[in-house]
Each structure stands twice: as structure tokens, then as C-alpha cells.
Amino acid sequence: MKKVFLLLLLISLSFPVVASAETAATPEAVLESVDMVWIMIAAFLVFFMHAGFAMVEAGFTRSKNALNILMKNFMTMSIAAILYFIVGYGIMFGTSGGGFLGLDGFLLSGHEDQVGFFVFQAVFAATCATIISGAVAERIKLSSYLILTVFMTAFIYPVVGHWVWGGGWLSELGFVDFAGSTVVHLTGALGAVVAVMFLGPRLGKYSGGKVNVIQGHNIPIGALGVFILWFGWFGFNGGSTLAADPSAIPGVVATTLLSASAGVIGSGFYSQLKYKRIDASLTLNGALAGLVGITAGTGDLSPVGAIITGLIAGVILVEGVQLLDRKLHIDDPVGAIAVHGICGVWGTLAVGFFALEGGLFYGGGFELLSIQAVGILAVMAWTMGTSAIVIFALKSAFGIRVSREEEISGLDFAEHGSSAYESSKSIFNENPNVTDVGKDFGVGLLNRLDSLENNKAKKKERTAQ
């Protein structure tokens, strides 16, 4: 019996050796597997960024709209994934039609071996679209926002992506955008600018000749969202190497970290200098400004260049918010346009200044800087033009803004029939300084609703008697 047992043991131990010999992996296959694992990890990190976007948007706005914001972010991710699979990926990476857009690869036809790359790019597409969500928060119809998301993820964004990453005319020109300061962030912000201009500001934001601050209901949640975005950005930029390259990834991650940190310092200290205090919301957005700023050049800048880029982005963020809010009266509740748009422009231009190869300050002259500027202008013209057509059509057909009553009561109730929090009275956290938007604004409406409920209760009592 012992001999039989030993024989079986020897046979079983020999199986892994035999299997290993029969399925021995080549070095190329191993490297390919490692590359794909890295891209998938990066895709997971970028996907997780959508939790960050949701927290930032919810925290920086009023609690009566928190549920609506969460639903917009969930729907954005889901719509983007499906539409990018059906049509977006083909437009972005299909066979180029004159350098303008891809002509095949729809439903991944002919690109079945690129499904992993598709996943990575799909979460990028959703990131572009969700930038709009924060800027139009608290007053856009959910249906209108979702239709705009359809056009953004299925067509507007993929065309820009084809120009730069799909072998289109901007890539042939020499335009550099490593991970998307222009392709993702500026494109989303431009769509947001157009949407906000058609929508107009929130009730009570600009009244009596002054700009009223409408305070977000939960800055700690917003801060958590910023940390999540910062964490996910390591995958956003690091995964854009598209390979587990030990010579590239550490540098990309380092420049990402340094620029974000410099953005916090830049916005924090500049707000102290400008407003005599370190403003919390501006400092939090400073991290995102630094991240957006380095995204285009994260693979081309030195650590010192990344710090300079982040510091300048932090300062630009403070001035950008001031310009949009105080001067232009563009109401952006979360600062998305300044963060992703203005800092996206800066980050793209920063490549022309600080790129180790071709940058102005490294002896490259103005050629790269000029190409970067041309790319920015082209994307602005395309995105704003197409977005304006879509939003104008939506506004003409059935309107894009909720009614005054729905905005006052909150989109949680108006769009979803429920609220994010148990206490219904917490949803009316309006600005107490606003006094000229009518008796139905804020607490006035709350009192009317309370009286209606009391009247209903009294009627029930009389009926029961």
C-alpha cells in the first residue's frame, strides 16, 4: 500500500512539470500579459474616479440636489460605456477618414483583440462627459443632460480623440497630449461652458447687483472626492503609458504627484494672498487644477517642470474662478470650467514651454508651442460648435432647464421623487443673504409646504370624526 501511495504522489508531483513544459510562456507573452494587467488596473482606477466626481459635485452643491447628482454620474458612466462600445471607439480608433474621424471598428468589429484597450478608453470617455455634470448642477433637466451625454460620448469626444490619439490630423501635426488635458478635460469643459451659457445661472446667484455665494452642503464629502480623484489620476496618467514600462511609469506617477501637490500649494497660498485666508474650496480645486495641468505633459516634463506647471495651475484656478463668477457671471457650482477648461488650456501650453524635447525653455523654439495652440483652438471650435447645435436643438424642442418651482424645491424631489437625506428640511439650505428672489425661495417655500401638510392632517382628523 505504501508503494502505491508513493507512486501516486510522484505522479501527481510530476503533473505541474509536464504542464509547465507543454504551456511554457514566451517572454513576449509574459510581457503582453503584464502590460494588459497594468492597463486593466489603470482602468479600474479611472473608473473609481467617477466616485470622486460624484462626491465633489454633491459636496459642493446643496443637499436638496445630491441624489440628482448621484444619478447623473451613474447614468453618465453607463451611457458612455454602451455608446462608446457601439460607435465611439470606432470613430476614435477606426481607420482614419481624412484624419477627421474613424470609419470602422463599430461594436469592436475587427478590433476584438483590443477589448482591454476599449475598456480603458471607455472610462476616459465617461470622464469627459461627467465634467459637464458639475457645471450644470442644480438646474438642468435630467433628460436634457442625458441626451447631451449621448452626443458627447458617441460623437463629439471621439472625434477629438481621433484627431490626437487615433492617428488624425493633429497627431500628424505633432500635437502632444499624453493623457488628455485637451482631449478629455478641455473638451468636457467646453461642452460645459456652452451648456451653462444656454442654461443661465441658478436662482438667486446674481441679484441686487452682486454675486451671492451659494454654499455647498458638505465640504468634507467634497474633500473626500478630491482625494479619490487624485488617487485615480495615477491610473489616468500612468495607464496612458499603455504598457507596464518601468522606465516610463515611475516618472509619470512622480510628475502627477508633484504637480497636484504644487497645485494645492499654489491655490492655497494665492488665496491667502488675495483674500487674506486659505480658501477651502479653492485649495481643494487646486489639487485638481494641478492634475489637469500636468495631464498633457506628464510623460514629457521633468519633476521640476511638473512643480512649476502645478504652481501656475493653482494660481490660474483662483483667477479663473474669479473671472468666470465675478466678471462673466458664468455660474459653475463646482468650478469645473476653471479646473478642466482653463487649466486644461494651460496644461496643453505647458508642454510647449517645459517639454524636455521641443519645449521652448529647453531650446526647442516656438514650433511645439505653436502646434499646441493650434490644437487648442481647433478643439474649441469643434466642441463649442457641435455642443451649441445640440443644446440649441434641445432647448428649442422641449427646454433644458427645470421650472422655477422645481429648482426651488430641489431636483431630488422634482426628478426622482425622493431625497438623499432623511431630514426634508435640510434640503432648503439656501443663502440667507438672498432676499429678492420671491417669497417662494428657500424657507418661504418650506413654510408653505409645512402649512399644506398641516391642513391635510386637519382635514383627515375632521373626516375621521
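Things to note:
- Nearest 10 degrees, 0 to 90: helix 115-135 Cα axis against the chain principal axis: 20
- Normalised by the number of residues in the chain, the average gap of Cα pairs under 8 Å and 6 or more apart makes the relative contact order 21 percent.
- Length-normalised contact order for the stretch 99-183 - Cα pairs under 8 Å, 6+ apart - percent: 41
- Each Lys and Arg adds +1 at its Cβ and each Asp and Glu adds -1 at its Cβ; summed about the Cα centre, the chain shows a dipole of about 1980 debye.
- Taking all protein chains as shown and a probe of 1.4 angstrom, W169 keeps an accessible surface of around 90 Å².
- Volume per residue of the convex hull around the Cα atoms, evaluated for the stretch 104-254, comes out as 165 Å³.
- Nearest-ten-degree value, helix 219-238 long axis tilted from longest Cα axis of the chain: 30
- Rolling a 1.4 Å probe over the protein heavy atoms leaves F48 with an accessible area of roughly 90 Å².
- Cross-link pairs exceeding 28 Å between alpha carbons, from the set K64/K274; K274/K395; K64/K276; K72/K274; K64/K395: K64/K274; K274/K395; K64/K276; K72/K274.
- Whole-angstrom gap from the stretch 88-158 to the stretch 161-227, using each part's C-alpha centre: 16
- For the chain, convex hull volume per residue from C-alpha positions, Å³: 226
- Portion, in percent, of the accessible area of the stretch 60-123 that falls on carbon or sulfur, probe 1.4 Å: 75
- Estimated from helical segments only, the mean residue ellipticity of the chain at 222 nm is -21000 deg cm²/dmol, where each DSSP H run of four or more residues counts as -39500 (n - 2.57).
- Listed peptides 278-284, 148-154, 103-109, 214-220 by packing density, highest first (mean Cβ within 10 Å): 148-154, 278-284, 214-220, 103-109
- Exposure of H162 as accessible area (Å², to 10), given a probe of 1.4 Å and all protein chains: 0
- Relative to the longest principal axis of the Cα atoms of the chain, the long axis of helix 343-354 makes an angle of roughly 40 degrees.
- Near the amide H of T61, within less than 5 Å, lie the amide hydrogens of H217, N218, all on another chain or at least 5 residues away, with H placed in the peptide plane.
The values are calculated or read from the model by the stated rules, or taken from the named source; none is laboratory data. In this text, all values refer to a predicted model and were calculated from it rather than measured experimentally. Neighbour counts are summed over all protein chains in view; Cβ atoms, including those assigned to glycine, are modelled from backbone coordinates with ideal geometry. Quick note on the areas: whole protein, heavy atoms, side chains included, nothing else; ligands and nucleic acids left out. Shrake-Rupley method; radii C 1.70, N 1.55, O 1.52, S 1.80 Å.
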